[in-house]
Amino acid sequence: MITPEVSTPQMYRCLIVDDEPQARVVLRRHIEALDMLQLVGECPNALAAFQILQQQELDLLFLDIQMPRVSGLELLRSLQHPPKVIFTTAHREHAAEAYELDVVDYLLKPVAFERFLKAIQKAFRFVPLPLAEDHQSNPGQAPFLYFRADRRMIKVFLHEILHVESLKDYVRIVTIKGESIVTKQSISGLESTLPAHRFFRIHRSFIVNLQHVSAFNATEVEMGTQKLPVGRLYRSAWLELNKTFL
């Protein structure tokens, strides 16, 4: 079976501003675990961050509050058009003042990955969150996604997804384990997130994992015991993908 080229996901440019080296390390590892985030730099103080913010357009700022000379609160107030801001601090007492500045979230150190993930989801208002690898940067970790369902984030490995079904404003993710995960997400949005060399949309309501296709023809795809239709509008692309075999 011929596979199409990999599509490039949207990237969000972010900057870490913190005078504590270990705090920067923790945030850097969290950021590197998410394909959607691109770390453009790290600053040990607000003045260095101000210079970068004058030169580059950023999407997200991870900002400490208590820093030498200029605090994170003072830096944010000085910006005419600030990016989205997530405060990271060891002090609870600044929370009310921070939220008055319309920040995305207020994270207490040490920042746990699960809490970091919720802040990112809040910042960009979408799920799933594509991950490069697990938050401990384990190079042997298989690619996976997080989906919000049942008031929690559920981790699903890409190779375990059988197919995706559209349910209007929701999608159902069916896995080889027999799981059926329903999350609020359009099928088109999820299609743009999934790697194109692994997944193919065969119908306005179905995306299949090419790895698990057991049989197919021009009008139907078999995923184990289940048969899914190939939509008329998607048939030519499906035939082109499989022209070697049909």
_I need M36, M11 ordered by Cβ neighbour count within 10 Å, fewest first._
M11, M36
*Nearest-ten-degree value, helix 21-32 long axis tilted from longest Cα axis of the chain*: 20
*Averaging sequence separations of C-alpha pairs under 8 Å and six or more residues apart, then dividing by the length of the chain, give the relative contact order as a whole percent.*
15
*Within segment 7-94, report the trypsin sites (Lys or Arg not before Pro) that DSSP leaves as loop and that have at most 15 other Cβ atoms within 10 Å.*
R69
*Given the chain, longest segment not containing exposed loop GluC sites (Glu not before Pro) (DSSP; at most 15 other Cβ within 10 Å)*: 58-178
*Could you put D64, D150, D19 in order, starting from the residue whose Cβ has the fewest other Cβ atoms within 10 Å?*
D150, D19, D64
*From the backbone phi of segment 167-172, what are the Karplus-calculated ³J(HN,Hα) couplings (6.51 cos²θ - 1.76 cosθ + 1.60, θ = phi - 60°) in whole Hz, Gly and Pro given as x?*
10, 6, 7, 10, 10, 10
_Averaging the inverse of every distinct alpha carbon separation and then flipping it gives the Kirkwood radius. What is it for segment 12-125, in angstrom units?_
13.8
*Here are some values of semi-axes √(5λ) of the Cα gyration tensor in Å: (i) 41, 20, 18; (ii) 58, 27, 13; (iii) 42, 17, 15. Which one was computed from this structure?*
(iii)
*DSSP beta bridge pairing in the chain, given as percent antiparallel to the nearest 5*: 65
*Can you give the angle from 0 to 90° between the axis of helix 46-55 and the longest principal axis of the chain, with both taken from C-alpha atoms, to the nearest 10?*
50
*Just D59, D35, D169 to compare: in a GNM of the chain, with alpha carbon springs under 10 Å, which one fluctuates most?*
D169
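Exposure proxy check: V70, V208, V174 ranked by fewest other beta carbons within 10 Å? Before the final figure, lay out each step's value.
Numbers: V70 14, V208 24, V174 18.
Going from least to most buried by this count: V70, V174, V208.
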_Lysine pairs meeting the criterion (Cα under 23 Å, 8 or more apart or interchain), as found in the chain_ = 17
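Work out how much length F50 to D169 would gain on full extension: take 0.36 nm times their residue separation and subtract the Cα-Cα distance, in nm to one decimal.
That works out to 38.8 nm of additional length.
Output the relative contact order of segment 144-241, whole-number percent, from Cα pairs under 8 angstrom with separation of 6+ residues. Each step should come with its number before you reach the end.
Details: 161 pairs, mean separation 18.2, N = 98.
Computed value for segment 144-241: 19 percent relative contact order.
A short reminder: the numbers here are calculations on the coordinates, not readings from a lab. Quantities reported herein were computed from a predicted structural model and do not represent experimental measurements. With ideal geometry, Cβ positions are generated from the backbone for all residues, glycine too; neighbour counts draw on all protein chains shown.
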